[in-house]
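> What follows is a single structure, and I will ask about it in a moment.
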Amino acid sequence: MSHAPVLLAEAMEALALTDGGVYVDATFGGGGYSREMLGKADCRVVAYDRDPDAIARGAELAASAKGKFTLHQGRFGDLAADELVDGVVFDLGVSSFQLDEAERGFSFQQDADLDMRMEKEGLSAADAVNRLSEGALADLIYRYGEDDDSRRIARAIVQARAAGAITRTLPFAKLVEDSVGGRRGARTHPATKTFQALRMLVNDELGELARGLSAAERALKPGGRLVVVSFHSLEDRMVKHFITERADAQGRGSRYAPDLPPERAPSFAIDRKRATVSSDAETAVNPRARSASLRWATRTDAPAWDELEPPALAPRAEAEWQKLD
């Protein structure tokens with residue numbers, strides 16, 4: 001199956017690739033961004049991915065790129081460039097490969113273990129579903145999934161697990177669907193937001209994004225580009241606040257960075273404030289592009305700001321999860 005990166009042409013334009021440049025693909029996935037960068041310019045690419053399957057997929061590219069491509073297994077929050085780089089690109093969220101591989105448990109299109117672990121280790125989505133309290137589950141689904149039916153879904157989960165552990169994707173999706181009264185003409189499956197919330201918790205996606213943005217800020221040379229493609233509003237808002245606050249010399253605080261000093265030299269400059277979204281043509285070919293949003297900014301020569309703190313959006317769920325880990 002072909003896996004086309006979303007907003008690929010727009011991301012390459014935002015990166016402003018140059019011969020001799022060094023670029024970071026913070027989310028290798030299927031390698032589409034890395035291959036495009038190597039094909040567009042005589043440059044070097046350093047890529048990261050936490051998923052061991054992605055590392056295996058990248059072995060051929062690493063072997064054929066004649067020293068111009070390096071792939072590291074690890075979280076992009078741990079990005080540590082040995083040299084300042086000309087650009088960093090993030091393609092956030094779950095990859096098409098992870099969704100299509102039923103055994104990974106990210107999707108409810110086929111039955112599989114309720115897993116969702118990008119690194120294939122640690123606590124799984126089944127641990128969250130079976131061990132978090134009803135209040136924590138409701139908190140999680142409402143905040144991370146942005147689902148107004150969160151309390152009904154959480155109540156149904158707790159009632160169902162009393163009769164036996166919930167371990168499979170399809171029965172769990174059906175449980176969520178039944179708890180809200182079926183699809184009732186909805187464009188997306190009623191379990192979509194619950195699956196999103198669980199995946200984000202299991203993989204600490206907002207925490208990783210906060211650490212990754214700060215790491216990119218430290219790694220970029222003056223004039224370097226930060227490019228981020230996100231797929232839901234929580235990520236996009238976080239990226240928007242990170243960029244706009246660091247492009248503002250006054251450094252006004254927000255829920256994402258409440259402890260900023262009263263004044264700080266701007267570490268980024270913004271040429272385009274509005275996000276770039278997918279065209280109708282791309283969305284028609286790739287439905288995943290429907291929710292995509294691209295933002296980019298240019299690094300200044302000012303020092304990097306303090307590490308961005310991830311938002312505590314679902315404190316009860318996050319606290320209980322940390323105790324399980």
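> Express in whole angstrom the spacing between the alpha-carbon centres of the stretch 48-63 and the stretch 275-325.
Centre-to-centre distance over Cα atoms comes out at 23 Å.
> By the gyration tensor of its Cα atoms, with a ≥ b ≥ c the square roots of the eigenvalues, what is the shape of the stretch 40-91: rounded for a/c under 1.5, prolate for a/b over b/c, or oblate?
Taking the square roots of the gyration eigenvalues as a ≥ b ≥ c, the stretch 40-91 is oblate.
> Okay, next question. Tell me the Kirkwood radius of the stretch 76-231: reciprocal of the mean inverse pair distance over distinct alpha-carbon atoms, in Å.
16.8
> Can you work out D for the stretch 170-231 in µm² s⁻¹ from Stokes-Einstein, where Rh is the Kirkwood radius over C-alpha pairs, the temperature is 20 °C and the viscosity is 1.002 mPa s?
For these conditions, the coefficient is 147 µm²/s.
> A further question follows. Helix-only mean residue ellipticity at 222 nm, the chain, DSSP H runs n ≥ 4 weighted -39,500 (n - 2.57), per residue, nearest 500. What is it?
-11500 deg cm²/dmol
> Could you provide, to the nearest whole Å², the per residue accessible area of the stretch 1-96 with probe 1.4 Å?
43
> Moving on to the next point. Specify the inter-centroid distance of the stretch 211-232 and the stretch 110-159, based on alpha-carbon positions, in whole Å.
Taking the Cα centre of the stretch 110-159 as reference, the centre of the stretch 211-232 is 30 Å away.
> Could you compute the longest span of the chain free of trypsin sites (Lys or Arg not before Pro) located in DSSP loops and having at most 12 other Cβ atoms within 10 Å, not counting the site residues?
With trypsin sites (Lys or Arg not before Pro) excluded where exposed in loops, the chain gives 1-65 as its longest stretch.
> Report for the chain the percent antiparallel among DSSP-assigned beta bridges with both residues inside it, nearest 5.
In the chain, DSSP labels about 40 percent of beta bridges as antiparallel.
> Within the chain, what is the longest stretch that has no GluC sites (Glu not before Pro) placed in a DSSP loop and near at most 11 other beta-carbon atoms within 10 Å?
So the longest stretch without any such site is 122-262.
> Per residue, what accessible area does the stretch 199-248 have, given a 1.4 Å probe and all protein chains present, in Å²?
24
> Which of Val180, Phe195, Ala210 sits closest to the plus end of the dipole of the stretch 172-224, meaning its Cα is farthest towards the positive end, when Lys and Arg get +1 and Asp and Glu get -1 on the C-beta?
Farthest along the dipole direction, towards plus: Val180.
> Report, to the nearest whole %, how much of the accessible area of the chain belongs to carbon and sulfur atoms, 1.4 Å probe, protein only.
48
> Determine Rg/Rh for the chain; Rg is computed over alpha-carbon atoms and Rh is the Kirkwood hydrodynamic estimate from the same atoms.
0.97
The values are calculated or read from the model by the stated rules, or taken from the named source; none is laboratory data. As the structure is a prediction and not an experimental result, all values here were calculated from the model. Methodologically, a virtual Cβ is constructed for each residue, glycine included, from the backbone with ideal geometry; neighbour enumeration extends over all protein chains shown. Surface accessibility is based on the protein's heavy atoms, side chains included, excluding ligands, DNA and RNA. Shrake-Rupley method; radii C 1.70, N 1.55, O 1.52, S 1.80 Å.
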